[in-house]
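Q: Would you mind keeping the following structure in view while I ask a few things?
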Amino acid sequence: MLRNIKISQAVDWPTILMYIVLVIMGWISIYGASYDFEHPSVFDFDQNAGKQLLWIGSCVFICISLLMIDSRIYDVFAYFIYAAALVLLILTVLFAPEIKGSKSWLVLGPVRIQTVEIAKFATGLALAKFMSRYNFRLKGFKNYLPVLLLIITPMALVLFQKEAGSALVFLAFFLMLYREGMPGVLLYLAGCCVILFIIVIKFGSDLLQPTADSIGAILAVFFIIITQLGFLFVFTKNLKQIKYIGLGYVFVIVIALVVNLIIPVSYLYFLAVAMFLSVLYLSWLSIQLRAKPYVLIALFTIGAVAYAYSSDYLFTSVLQPHQQMRIEVLLGMQNDPTGAGYNVNQSKIAIGSGQFLGKGFLNGTQTKLKYVPEQDTDFIFCTVGEEYGFWGSVLVLGLYLAFLLRLLHMAERQRETFSRVYGYGVVSIFFFHFAINIGMVLGLAPVIGIPLPFFSYGGSSLWGFTILLFIFLRLDASRLEKMR
Amino acid sequence: MIDKHLQNRKSVLAGIMMIIVVIYVLQLINLQIFNPTYKEHADSNAFLNKTQYPARGLMYDRNEKLLVYNKPAYDIMVVLNEVEPFDTVDFCKAVNLSVPFFKSLINKLPKDKGYSYIPQLLLSQLSVEEYAVLQEKLFKFPGFYIQNRTLREYTYPCAAHALGSVGEVSKTNIEADDYYRSGDYAGMNGVEKHYEKELRGKKGVEILLRDYRGRIKGKYEEGEMDIDPISGKNLTLSLDIDLQMYGEQLMQGKVGSVVAIEPATGEILAMVSSPSFNPSDLVGRQRTKNFRALNNDPIKPLLDRPLMARYPPGSTFKVVNSLIFKEEEIITPATRFSCNNGFVAGRLRVGCHHHPNNLDLVGSIQHSCNAYYCHGLRAMLDNKKYGSTENAFTVWKDAVVSFGFGYKLGVDFPNENRGYIPNAEVYNKIYGKGSWRALTVISIAIGQGEVISTPIQTANLAAAIANRGYWYPPHIVKHIEGGKIDSMYYKKRHTVVDPKHFDSTIEGMRMAVVAGTARVAAIDSVEVCGKTGTAQNPHGKDHSIFMAFAPKDNPKIAIAVFVENAGFGATWAGPIASLMMEKYLKGSINPKRKYLEDRMLNTNLMPSAKKH
Ligand SMILES: [Zn+2]
C-alpha cells in the first residue's frame, strides 16, 4: 500500500491528458449533435448531452478507484472476471429486452448496461493471464486452441445478442496475437480474403469490352499474381526465379494484347493458362530445389483462385436477392435511401459540407436537423466534420493517432507478459473501434455500427472504454514495482 | 525472453495505424475540400426557401377611383410523407370538392422520394370563405398546409380588355424571364401584361429550416437572411371609369369598339370592346373554365377590338384626304368639284348619294361627297409636278402615315395591330411599274380599297384633327406610383399638314353635325365636330363608323365608334359617340335625348339575335 503514494508519479500523464481532451471533445460533439434549434437548453439532464455529463462525472470516480486498486488483483482475478463477464453475457442473451433489433442491454432496475463492454476488458485480462503462463509460446494447436476459445466464446455470445458489429470487435485481439508471435502471413491471408471478396463482388458485374471479361475477375487475378510474387520474395528471396516468373506473366499478357488486336479473345483465358503454368513451375521448383515454400505458394495460388471463384458463385447463385442487396449496400454499390446507404450518404454530405473551416459550433444543419441517423452515437464524427470542417477533423484524427501510438509504445515497454498482452489488447480494441467507426462515417468501411471511443453518446461504452484504459494505466504505473 | 523479432511488430502495427489515418485524411480532403456539391446538398436538405409573394400593384382611374385591387386567396399545400390517415369526406366537405376528384388530385402528385417531403400544390386559390371553413379543421389533417396568395378583385365589372387579366405563368414565360417560377402569376394581357414589371413587385424569401422529415424547425438565423417582398407599384389609369361603364352599356348587344382620347395628352378616356365580359370571370379557380368558354364563343368576346379589329376607315378618311390635298396645294377650301350622283371617268363610276351639287370643301365633308375626293385624288396622283403617279402616291402615303395610320401607334398595350396603308411598291407588284394611275386606286380616296385602320387609329385621327396637326401616342397609364411613364407619351407627333389647313376641314365636320350627315350627333350648347363613315363589309351588312371631337375650340374629347353590321354611320355609331361625349363633357344626358339613349341601350344588333 505504501507504493500507492507514488501512483501519481508513475502513471502515464500524457495518456490521461489525451483521454481528458478526447472526452471533452466528445462531449462538445454530443452537445452539438443533440442541440435543438427550437429548444436550446444548455444543461438539461433529460437531454443526451446532460446525461452524458453525468456519465463523465461518474468516470472520474472510476478512474481514481482503478488507479487506487492494487494492480496484482487483475492477475489474480482475471479468470474470475472473465467468467463473470460470460455469465452476464449469457444472462443478457436470456433476459435482455429487444431494443432496436438487438438484445444487448441488461436491465437491472434503473441501470441498463451493455454487457459486451465488460466482456471486452474481461477477455483482455483472461488472454493476458493465459498467455503469461510460464513458458507459454504461441505455437502449436495445443496453445492456439485455448486462446481462440477465449476469444470466440464471448464473440459467439455477443452474436446471439444480434450485435454483429460488437462481436467483430473481438477479432481485434488477433492484432495482439500477431505481436505475441502469430505468423504475420496469417494476418495477411485474412486481409487477402477480405480484399479478394470485395474486389470480386464490387467490380464483378463491370464488364471489359469487347471481350466481356469481368473487371472484378481481372483485378482479382492481378491481385493474386502480385501476392504470389510478394510471397516468393518474402519466403524464398530467390530473385532469379521471381524475375523468370514475372517475365513469364508479362510475356503472356503481351501475347493476349496482340491477339486481341486481331480478334477479341477473353484475357481471362490467357491469365488462367499463365497461372496454371506458374503453379506447375513452382511445384517443379519445389522438387528441384527441395524447398517447401514453393509448393506452399503454388497451393496459395490455387486456393486464392478457388476462393475468388467461390465468392463470386456464393454471391450470385446462392445468396437471395435481398441478401445480395445488403452486401451491395455495405460495399457502397447500392444507394438504398432508407437503409445503410442513406446513412452513409447523409454522413458524407454532413462532413463534406463542413468544408475547410466548418460551419461553426452549433451551426451544423445536417446534424441538427437529424438528416444523419445515429448522429450522437455511431455517426458522432459527422458533427466534428460539419461544424469544425477539415482542420477540426484532422485535429481529432491526429489526436487519436497520437493516443493509439502512445498506447502502443506503453504496451511494448511492459516488462511483464501479462501487462504487455493486456496492453496490446487495449490498443487493438481502440484501434479497431477507431478505424471501423471513422471509416464507416467517411464511407470507406462497411456500415458496422460500433461506437467511436469517448465520443459516441452512451454510458456503457464510456465506462467500458474508461475501465479498459485505466486498468492498463494502473498496470503500466506499476511496471517498475518488480524492480524494487 | 525478449524477442527482438516480435518487438519489431510494434512498428508494423504503428505503420498500419498511420496508413489508415493517412487514408482517412485523404478522404477528408476529397469530401471537404475538393467537393463543393456536398455543401450544396446539405443546404438544399436544410433550407426551405419559402417564397413571399408581394402584393400586386393597384389600379385607379383618372379620378382616383379604385379599379383593381387584391383579395387574399389560399393554396392548399401537402407534404406527402407527413400525411396521416384522415377523414377524407370531412376534408372534401370543407374545401367543397367531390371525394373522387380529391383522390384524383392526390394521385396526380409526383410520388418520388425527392418529392415526398417538400410541400406540393394540391389545390389553388381557395376563397376566404372556403379557407375559413378549412382552417377550423386543419389540425385534423396533418401534412396539409395553407399558402397565402393574392387574387385580383375588380370594383367595376367592366374594362376587362383594357385592364387585362392575371394568370399562371406558362413554360415559355419561365424560360423568357428567370424571375418566374412554376406556379407564379403574371399579367396575361391588357395593362396587366404591358405593366407587368411595375405591377408585380419583387418576391421575397423566407428561409426556413427543415428537418429530415420535412418538418419546419423555425427560421434560419432568426430571419436575418430573409428578404421581404416589395409590393408592386400602383398605377393611375387615364380611364374615366364612369365613361367606360357608360360606353359598355351603350354597346351592349352590339359588336364593335368605342375609343375616346383626350386630345391634349393622348390619354385614353374610354376603350370599349364589345361584346365584353366581367373581368372577375378570369380570376381564380374558374379562370380556365371561363377562358375556354369565351375563347370558343363565335362572336369572339376575347378579341380586343379597339386595338386589333381591322376595318376600312370609310368616309372618315375623306378628312385626311382633304387635309393632304390642301397641304399639297391640289385644292383650296374654295375648290369645287361636280358630283353627278357620283364620280364618273370613262367606264369607272363611284356612286354618291343625294346632296346639293358642286360643293366646296366644307360642303364636301358636310355631305360626305364621294365624287369630290375622287376628283381630288386624281388631281393629286396624276399631277405632273411629282414626275410620276408613283412619286405622287408616295407623297400621299407619307402624309397618311403622319396621321398615325399604317404603323403601330405605340399604345401601352401588348397587342396592337398596325392597320395597313399600301406603298407604291404594292401597286407596282399588282399592276406593274408605271402601269397604274389615280383611277386604278381611286377607292382609297373614300377610305375603301387597300387602306385598313383600327378603331384606335381612327380615334387618334380625331385627336390629331382636334389638335390641328399633332397627336400624342394614345396611352392608358397616366401615372406610375414611384415611377415614370415612357417619355414617348410626352412627345408631340406632328402631321405633315400645316395647322392653317385644318380650319376648313374642321368647319366641314362642324357643318356635318349642324346640317349634314351627322346631325344626330349634335349636343346642346357644345360645338361637336364629327364625320360619319361606313366600312364596306364583304361578309354582310356594312359597319357603322363615327369619328368626332368636341368642343370645336379647345377640344376635350376625341372619339371613334365602330359598330359592326349596323349600316350607315349616322344610325348607330353617331348617337353612341354623341352620348359618350355628352356624358363626358356635361356629366349627364339631356332629358330631350333620353329617347336616343334608350334606343341605343336597348337595341340588340348581335348576329345571333338578328336571326329571331
Ligand atoms: Zn357627291
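Q: Quick one: B:Val68 ticks every box in (1) surrounded by 14 or more Cβ atoms within 10 Å (Cβ to Cβ); (2) of a type in the set (Val, Ile, Thr); (3) away from chain A (no Cβ under 14 Å); (4) in a helix (DSSP H, G or I) bar one, so which box is it?
A: (4)
Q: Sticking with this one: Kindly list the number of the only condition in (1) closer than 17 Å to A:Met131 by Cα; (2) more than 18 Å from the chain's Cα centre (by Cα) that fails for A:Arg406.
A: Here A:Arg406 clears every test but (1).
Q: Moving on. Here are some residues: A:Leu207, A:Leu186. Which one is away from chain B (no Cβ under 11 Å) and over 20 Å from A:Tyr307 (Cβ atoms)?
A: So the residue among A:Leu207, A:Leu186 that is away from chain B (no Cβ under 11 Å) and over 20 Å from A:Tyr307 (Cβ atoms) is A:Leu207.
Q: Across the range B:426-473, what is the number of residues that are of a type in the set (Ser, Thr, Tyr) and touching a Gly at 6+ places or on another chain (Cβ under 6 Å)?
A: The total comes to 4.
Q: Which residue, of B:Gln52, B:Gln120, B:Gln125, is under 28 Å from B:Glu221 (Cα atoms) and in contact with a helix residue (DSSP H, G or I) (Cβ under 8 Å, 6 or more places away or on another chain)?
A: None of the other options fit; the residue is B:Gln120.
Q: Yes or no: A:Thr377 part of a helix (DSSP H, G or I), more than 10 Å from chain B (Cβ to nearest Cβ) and among the β-branched types (Val, Ile, Thr)?
A: no
Q: Here's something else I'd like to know. Mind listing whichever residues of the range B:429-445 are among the polar types (S, T, N, Q) and surrounded by fewer than 13 Cβ atoms within 10 Å (Cβ to Cβ)?
A: Correct list: B:Ser435 only.
Q: State whether one or more residues within the range B:408-420 are away from the ligand (no atom under 16 Å from the Cβ), outside any loop (DSSP other than H, G, I, E, B) and either in contact with a Leu (Cβ under 8 Å, 6 or more places away or on another chain) or assigned by TED's automatic domain parsing to the domain that holds B:Thr458 (or both).
A: So far as the range B:408-420 goes, yes, one or more of its residues are away from the ligand (no atom under 16 Å from the Cβ), outside any loop (DSSP other than H, G, I, E, B) and either in contact with a Leu (Cβ under 8 Å, 6 or more places away or on another chain) or assigned by TED's automatic domain parsing to the domain that holds B:Thr458 (or both).
Q: Can you confirm whether A:Val250 is within 30 Å of A:Gln288 (Cα to Cα), surrounded by fewer than 14 Cβ atoms within 10 Å (Cβ to Cβ) and aliphatic (A, V, I, L, M)?
A: Criteria met by A:Val250.
Q: Take the range B:359-385 and flag every residue that is more than 10 Å from the ligand (Cβ to nearest atom) and not in a helix (DSSP H, G or I).
A: B:Asp360, B:Asp382, B:Asn383
Q: Ok, one more. State whether the residues of the range B:556-565 include one that is in the same structural domain as B:Tyr470 (by TED's automatic domain parsing), in contact with an Asp or Glu (Cβ under 6 Å, 6 or more places away or on another chain) and surrounded by fewer than 24 Cβ atoms within 10 Å (Cβ to Cβ).
A: Within the range B:556-565, not a single residue is in the same structural domain as B:Tyr470 (by TED's automatic domain parsing), in contact with an Asp or Glu (Cβ under 6 Å, 6 or more places away or on another chain) and surrounded by fewer than 24 Cβ atoms within 10 Å (Cβ to Cβ).
Q: For the range B:309-324, which positions are assigned to a helix (DSSP H, G or I) and within 16 Å of the ligand (Cβ to nearest atom)?
A: Answer for the range B:309-324, where residues must be assigned to a helix (DSSP H, G or I) and within 16 Å of the ligand (Cβ to nearest atom): B:Phe317, B:Lys318, B:Val319, B:Asn321, B:Ser322.
Q: Tell me yes or no: at least one residue of the range A:426-435 is part of a helix (DSSP H, G or I), closer than 30 Å to A:Arg137 by Cα and without any contact (Cβ under 8 Å) to a residue 24 or more places away in the chain.
A: Within the range A:426-435, one or more residues are part of a helix (DSSP H, G or I), closer than 30 Å to A:Arg137 by Cα and without any contact (Cβ under 8 Å) to a residue 24 or more places away in the chain.
For (1) buried (at least 18 other Cβ atoms within 10 Å of the Cβ); (2) in contact with a strand residue (DSSP E or B) (Cβ under 6 Å, 6 or more places away or on another chain), each residue gets a yes or a no:
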site: B:Met271; (1), (2): yes, yes
site: B:Ser276; (1), (2): yes, no
site: B:Arg285; (1), (2): no, yes
site: B:Lys289; (1), (2): no, no
site: B:Ala293; (1), (2): no, no
site: B:Pro312; (1), (2): yes, yes
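Q: Could I ask something else about it? Given the residues A:Ala445, A:Ala402, A:Ala477, which is the only one that is free of Cβ contacts under 8 Å to residues at least 60 places away in the same chain and assigned by TED's automatic domain parsing to the domain that holds A:Ser132?
A: None of the others qualify; the one that does is A:Ala445.
Q: Could you check the range B:430-462 and list, in sequence order, the residues that are free of Cβ contacts under 8 Å to residues at least 60 places away in the same chain and either in a loop (DSSP other than H, G, I, E, B) or touching a Ser or Thr at 6+ places or on another chain (Cβ under 8 Å) (or both)?
A: B:Tyr431, B:Gly432, B:Lys433, B:Gly434, B:Ser435, B:Trp436, B:Arg437, B:Glu450
Q: Does the range B:463-477 include one or more residues that are aromatic (Phe, Trp, Tyr), within 27 Å of the chain's Cα centre (by Cα) and part of a helix (DSSP H, G or I)?
A: Scanning the range B:463-477, I find no residue that is aromatic (Phe, Trp, Tyr), within 27 Å of the chain's Cα centre (by Cα) and part of a helix (DSSP H, G or I), so the answer is no.
Q: I've got another one for you. Any chance the range A:244-257 includes a residue that's within 25 Å of the chain's Cα centre (by Cα) and part of a helix (DSSP H, G or I)?
A: Within the range A:244-257, none of the residues are within 25 Å of the chain's Cα centre (by Cα) and part of a helix (DSSP H, G or I).
Q: For the range B:118-221, give me every one of the strands (runs of 3 or more DSSP E) that falls completely inside it and has 2 or more residues that are at pLDDT below 85.
A: Here the list reads B:120-126, B:144-154, B:204-210, B:216-219.
Q: Tell me which residues, restricted to the range B:206-265, are of a type in the set (Gly, Ala, Ser) and within 24 Å of B:Ala309 (Cα to Cα).
A: Those that are of a type in the set (Gly, Ala, Ser) and within 24 Å of B:Ala309 (Cα to Cα): B:Ser238, B:Gly247, B:Gly253, B:Gly256, B:Ser257, B:Ala260.
Q: Out of the range B:327-351, which residues are farther than 18 Å from B:Ala392 by Cβ and either away from the ligand (no atom under 16 Å from the Cβ) or not assigned by TED's automatic domain parsing to the domain that holds B:Ser504 (or both)?
A: If the condition is that a residue be farther than 18 Å from B:Ala392 by Cβ and either away from the ligand (no atom under 16 Å from the Cβ) or not assigned by TED's automatic domain parsing to the domain that holds B:Ser504 (or both), then B:Thr332, B:Pro333, B:Ala334, B:Gly346, B:Arg347 are the ones that fit.
Q: Within the range A:436-470, can you find the residues that are more than 14 Å from chain B (Cβ to nearest Cβ), buried (at least 21 other Cβ atoms within 10 Å of the Cβ) and outside any loop (DSSP other than H, G, I, E, B)?
A: Matches in the range A:436-470: A:Ser461, A:Leu462, A:Gly464, A:Phe465, A:Thr466, A:Leu468, A:Leu469, A:Phe470.
Q: What number of residues within the range B:193-229 are in contact (Cβ under 8 Å) with a residue 40 or more places away in the chain and under 25 Å from the mean Cα position of the chain (by Cα)?
A: So the count comes out to 9.
The values are calculated or read from the model by the stated rules, or taken from the named source; none is laboratory data. As the structure is a prediction and not an experimental result, all values here were calculated from the model. Cβ coordinates were reconstructed from backbone atoms using ideal geometry, including for glycine residues, and neighbour counts include every protein chain displayed.
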